[in-house]
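Just below is one structure, and these are the notes that go with it.
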Amino acid sequence: MNINISEMNATLKSVFGFDDFRDLQKPIVTSVMSGKDSLSILKTSGGKSLCYQMPAIYRGGTTLVISPLISLMKDQVDGLTNRGVPASFVNSSLTSQEMNERYRKLSRGEYTLFYVSPERFMDESFVGALVRSPLHTIAIDEAHCASQWGHDFRPSYARLGEYIDRLDDHLSKRVGHRIQRIAFTATATARVQEDIIKMLRLTDPDKHIQDFDRENLSYSVVLSRKPDRSSEIIQALEEHKGDCTIIYCVTVKEVERLYSHLSSQGFNVDRYHGRLENEEKSRVQDDFIAGNIQILVSTSAFGMGVDKADVRLVLHAQMPGSLEAWYQEAGRAGRDGKPSKAILFYHENDKNIHKFFIGAASPDITKIEPIKDMIYRMLKNGAAGLDPKIISLNCSRQIAVINSVMPSNGLPLTEISVNDVRATINLLVNQGEIEEFDTMYQISNWQPAVEYVWVDEVKRHNWLKFNAMCSWCETNLCRRWQILRYFDERKAHYRCGNCDNCQREALSKLKHTLPEKTVRPSTLMALANAISSVEKTPSRWVHVLLGTLPVSELTPHETEVSGRFAWHAVADLRRWRNMLIDNEFLSDQHSITEKGQAWISGKLTIPDASAPKQSDPSNEVSLQTVNLRMKALRSWRKTTAYRQDISEISISTEAQLKKIASLPSISIESLTNSGFSSGWVSQHAETMLKILKKIEETPSNDL
Ligand SMILES: Nc1ncnc2c1ncn2[C@@H]1O[C@H](COP(=O)(O)OP(=O)(O)OP(=O)(O)O)[C@@H](O)[C@H]1O
Ligand SMILES: [Mg+2]
Ligand SMILES: [Zn+2]
């Protein structure tokens, strides 16, 4: 169907009330109107909804919108109805009478847009109504949920391709064309894009990919010394008094803790997470959108699709498990394009939570089979509860019996942990093999002989994502550049000027000081652990830690650290590694020594790593001293140049001054040893040394 531009502009104004299309909206709407399948990646708040709503209004037939966000369907539908567009939704909040009424209207083609969650395809009345309806297009919102490689995988999304294919078989003959599939998401790496196309079975899709950059957001990471970050968070809140803020935590427990702490301090704060009753969730969401709540503490459950334009500050009270998750959450700030901030408070304890999650998400594949057998026996006669403790005990006992009866044929397994069982139950629920209701389980789509090799691949992939997140937190390079690089925006190295690392560097230039280049003990410990996990082949460790080797070439231990230091300079890694060996924390063969163990367990400290080669701490020159000396040296150079009427540079370059300022002790001898010519020394050293001596004697707070 062809429409002209002026017609499109008129609809934009009359139905949606907007003057102009945003960035990619026009090409996407045009592509959708042409009838082709498509995948569109528009950043958070880029205006994805309009891209499927507008074509739906233009042409006959119904557009079905799949969204995971049951709580937001009503808002979307109300918005459309107010603009005179026939729209509706079905979700579990309706009575069966209401549902049937809406299905009837759906089948008669009375809705231009109809919203459902993917699980709805399990409902036969719904599918029946769809088969009779004039369905034209299926728009899949938040399509990254279809990919195992994404950060929010939902099994019901992964099955959509299959569901829609089946619909097509029934429908296409009657409506005269294949059902168009259009997918939308805000974040997808190249791999996730490929996977979305595969899982949703898009045919030769047009791809629209927007520049990921959110220029109005400034990024920073605060490396916290204590696991409890409350006071740092309160400080940030005080600096942004009155600003609408979301604070993300990884666990429900932390949400509740921080929420009660902040309320006791008198902040206008509420909280949101998956364990609240649906009613309470909608109340909090509505209050936040209406501006009655200033600060919302939440898990990742809050925010996808929430259209609140003036969030000025997004804090992460704990590190999320992937950069995809962080970027999407941080992206909830500044949807109106005004300057806004995202600050992540990071403590190394955060890593343990994610290590646990990765384990819980993917069981050890050798253990799935025996656990699955046990579960089958428990459920084959009907629904029952599944207690992970009992299952783990029974499985372990059984293995012991088999091993004692047939020692030679015995299973290589010895024990099955409660976590293995939990992870397996999760897996079976996600795969639809068993179903969970209330606290009971029952057999559903049981697959007796299925291979779970892919579970291992998912686990490896989760490690990679997690390592990238840790490395990003610890990097000294521009955070924005790193993020864009991660999402495959092939930008050459640049400094954005709007992240903490860029600002730190700019500041040090301004003050003529050395950029801060420290390494934290926790980073060194992580490095020691990482290096010791790599196969002992010379130089392999660098490639593993930078994440440049293909996953298929890695051992399981290496997978866990692959890419862990992807964003560090190789020179730094080598320097730190040598330092670990010099301090005898790491052996030449890269295993952690006894002394290293003592250091890791906090019984020993390591000298400041910011001063590279100096293993003797008394040799270190503090940044403060260097700065003081630089100031004095510059003024000495200036006066000398003036007196002798020559240029400053002919006396010394900035780099030479820095070299002098960094010498542990400055004397004629040390200057000569550092490469200054005897002519230069005899001409300048005497007055210069006098000046330096003076500042060494005068205590100063002038920094
Ligand atoms: N062309 C436009 N001009 C002005 N405002 C627009 C335009 N298109 C969309 N908007 C507004 O931008 C906001 C975000 O739109 P929308 O909710 O569709 O974003 P989204 O891409 O789905 O974001 P998310 O990834 O968070 O779901 C809405 O308030 C919408 O009304
Ligand atoms: Mg949206
Ligand atoms: Zn930057």
| remark: About its Cα centre, the chain carries a charge dipole, from +1 on Lys and Arg Cβ atoms and -1 on Asp and Glu Cβ atoms, whose size in debye to the nearest 20 is 1260
| task | In whole Å, largest first, what are the principal axis extents of the Cα atoms in region 5-209? | result | 42, 40, 34
| note | In the chain, taking the dipole from +1 charges on Lys and Arg beta carbons and -1 charges on Asp and Glu beta carbons about the Cα centre, the listed residue (Ile651, Ile233, Ile390) farthest towards the positive end is Ile651
| When only C-alpha pairs under 8 Å and at least 6 residues apart count, what is the relative contact order of the chain, in percent? | 9
| Any idea what angle helix 252-264 forms with the longest principal axis of the chain, computed on alpha-carbon atoms, 0 to 90 degrees, nearest 10? | 70
| said: Check which residues have an amide H placed less than 5 Å from Leu344's amide H, if you skip close sequence neighbours. | reply: Ser220, Val221, Val222, His316
| note | Cβ density ranking, 10 Å radius, fewest first, applied to Glu279, Glu505, Glu98 yields Glu279, Glu98, Glu505
| said: Under 5 Å between amide hydrogens, which residues at least 5 positions from Arg271 or on another chain qualify, with H placed 1.01 Å from N in the peptide plane? | reply: Val297
| note | Among Asn278, Thr640, Asn426, the residue whose Cα sits farthest towards the positive end of the charge dipole of the chain (+1 at Cβ of Lys and Arg, -1 at Cβ of Asp and Glu, taken about the Cα centre) is Thr640
| Quick one: what does P(r) look like for region 457-600 with 5 Å bins over all Cα pairs, in whole %? | 2, 9, 17, 20, 19, 15, 10, 6, 2, 0
| Rg/Rh ratio calculated on Cα atoms of region 217-338 (Kirkwood radius) | 0.92
| said: How tilted is helix 349-361 with respect to the longest principal axis of the chain? Cα atoms for both, answer in degrees (0 to 90, nearest 10). | reply: 30
| query | What is the fewest-to-most order of His177, His493, His543 by other Cβ atoms lying within 10 Å of their Cβ? | reply | His493, His177, His543
| field | Karplus 3J(HN,Hα) series, Hz, for region 474-482 with 6.51 cos²θ - 1.76 cosθ + 1.60 (x for Gly, Pro) | value | 9, 5, 9, 8, 4, 5, 5, 4, 4
| Cα Rg over Rh - the chain, Kirkwood | 1.04
| remark: With T = 4 °C, eta = 1.567 mPa s and Kirkwood Rh from C-alpha pairs, the Stokes-Einstein D of region 21-90 in µm²/s is about 99
| Is the shape of region 619-702 rounded, prolate or oblate, going by the alpha carbon gyration tensor and its root eigenvalues a ≥ b ≥ c, with a/c under 1.5 for rounded and a/b larger than b/c for prolate? | oblate
| Sequence-distant or interchain residues sharing an amide H contact under 5 Å with Ile140, placed H: which? | Ile66, Ile182, Ala183, Phe184
| query | Pairing the Cα long axis of helix 230-239 with the longest principal axis of the chain, what angle in degrees results, from 0 to 90 and rounded to the nearest 10? | reply | 90
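Here, each number is a calculation from the coordinates, and none is a lab measurement. Here the structure is a predicted model, which means the values were calculated and not measured. Counting neighbours? That spans all protein chains shown, and the Cβs are built from the backbone with ideal geometry, glycine included.
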